[in-house]
Amino acid sequence: KNTIEKIAAGEVIESPLSIVKELVENSIDAKAKNIVVEIKNGGKSYIRVTDDGTGIEEYELELAFKRHATSKINTFDDLYNIFTLGFRGEALSSILACADLTLISCTKNSKVGKKVVYKNNKLIHKSSIATNIGTSIEVYNLFKNIPVRRKFLASDIRESNRISRLIHAFALGYDGISFKFIKDDRFIFHTLENQNLISKIYNLIDENLKDELIHLEIKNNLYEISGYTSSINYYRGNRSLQYIFINNRLVEYKKISNSIEDTYSGLIPNSRYPAFFIFINTNSNNVDVNIHPNKREIKLSYEDELLSLIKENIGKKVIENVS
Ligand code: ADP
Ligand code: MG
């Protein structure tokens, strides 16, 4: 079987959030240093992601929109050795299937940029345009042909809160990339290329974390964990300040959050939900990212080793911090 058939097909686009995620991941894969995300009405009426990455060569432009066209994988073995975020080659084609889109891109080899406009899944316009090196993708008329999905979107506020959490996570997770977020024509936040993690946490998340963060640096032969967790005095009524990154991907990993929460509740009853910003790094052979098409749910080999590493060490650090 060829590579394409072996990649699990699946729905990628569930909401404006999924579009923003796919577009930003493409910008990161394209080695952008500056990424600007703009949304209107929670992304339902407008999304634009602009980057200063490599751009797309003219001959690849139309190919990029074909299902399973990816410039990032050549063999099935590559699937297990993924250093780029995208690898299924289905994001752009899936976006086109449920929205209209304008793309402008320019590479360092091209004298002039190209603009393409897709409506109803068809290329309706192509022209040359003067622009900077990089790519800008605008998405609008989301789910216009799929009223059911439009109807099940959350409110504008909820959708935009989810997107802003995602951009927070990208900004925290990627050193060396500056992120800017604009919502309904209003500037919301901006991180700098060389801003360190702790100052990003204060700026983006909560100033009150200033005196409440405990630095983590834990490792064994399989896993390296770094980041911050909150002191025992700081907690939230929900999990909104919990971020787990595995090999730089923001993931949801219930067993990890639960084991950290258990550590806290073992130390202090009713500690509710601590804040944490945990970066776990491991050999990519230990990560199965392919179990869910949206790539947020992943499965680790040697999970028990990781969970006990977390339990033992985070608890110790939190107690040290008290005394
Ligand atoms: P994947 O990311 O899985 O390869 P996508 O459908 O997301 O698939 O993108 C298809 C292709 O379009 C990518 O492989 C890449 O070559 C190109 N591409 C998409 N977005 C960008 C971007 N912002 N900058 C440069 N190239 C891009
Ligand atoms: Mg992609």
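Side notes on the structure shown:
- In segment 40-68, residue nearest to ligand 2 (Cβ to nearest atom) [restricted to those that are part of a helix (DSSP H, G or I) and not small (G, A, S)]: F65
- Of the numbered criteria (1) surrounded by 15 or more Cβ atoms within 10 Å (Cβ to Cβ); (2) outside the structural domain of S265 (by TED's automatic domain parsing); (3) at pLDDT 95 or above, the one R186 fails is (1).
- Residue in segment 243-263 that is of a type outside the set (K, R) and touching a Ser or Thr at 6+ places or on another chain (Cβ under 6 Å) present: no
- Among the residues of segment 132-147, those identified as under 18 Å from K180 (Cβ atoms) and surrounded by fewer than 18 Cβ atoms within 10 Å (Cβ to Cβ) are N132, I133.
- In the set (1) modelled with pLDDT of 95 or more; (2) within 18 Å of E320 (Cα to Cα); (3) surrounded by fewer than 18 Cβ atoms within 10 Å (Cβ to Cβ), the condition left unmet by Y228 is number (3).
- Long-range neighbours under 6 Å by Cβ, at least six apart or interchain, first residue under 15 Å from V49 (Cβ atoms) within segment 180-194, second small (G, A, S): K183/S160
- Within segment 130-151, the residues that satisfy the criterion of being away from ligand 1 (no atom under 16 Å from the Cβ) and hydrophobic (A, V, I, L, M, F, W, C) are A130, L142, F143, I146, V148.
- Looking only at residues of segment 46-69 that are within 23 Å of K144 (Cα to Cα) and modelled with pLDDT of 95 or more, we find that the one that is nearest to ligand 1 (Cβ to nearest atom) is V49.
- Residue within segment 28-39 that is within 16 Å of ligand 2 (Cβ to nearest atom), surrounded by fewer than 21 Cβ atoms within 10 Å (Cβ to Cβ) and either among the charged types (D, E, K, R) or closer than 25 Å to A154 by Cβ (or both) present: yes
- Residues that are modelled with pLDDT of 90 or more and under 19 Å from the mean Cα position of the chain (by Cα) number at least 1 in the following strands (runs of 3 or more DSSP E) confined to segment 238-323: 242-246, 276-281.
- If the condition is being among the polar types (S, T, N, Q), surrounded by fewer than 18 Cβ atoms within 10 Å (Cβ to Cβ) and not in a helix (DSSP H, G or I), then segment 148-180 contributes only S155.
- On inspection, N74 fails the criterion of being within 13 Å of ligand 1 (Cβ to nearest atom), surrounded by fewer than 19 Cβ atoms within 10 Å (Cβ to Cβ) and at pLDDT 85 or above.
- Scan segment 77-111 for residues that are β-branched (V, I, T) and modelled with pLDDT of 95 or more and the total you get is 3.
- All of (1) surrounded by fewer than 18 Cβ atoms within 10 Å (Cβ to Cβ); (2) under 24 Å from D52 (Cα atoms); (3) charged (D, E, K, R) hold for K210 with one exception: (2).
- Long-range neighbours under 7 Å by Cβ, at least six apart or interchain, first residue free of Cβ contacts under 8 Å to residues at least 40 places away in the same chain and within 15 Å of V116 (Cβ to Cβ) within segment 44-66, second hydrophobic (A, V, I, L, M, F, W, C) and within 15 Å of ligand 2 (Cβ to nearest atom): L63/A69; A64/I56; A64/L92
The values are calculated or read from the model by the stated rules, or taken from the named source; none is laboratory data. Note that this is a predicted model, so its numbers are computed, not measured. As a convention, Cβ positions derive from the backbone with ideal geometry for all residues, glycine included, and neighbour counts pool all protein chains shown.
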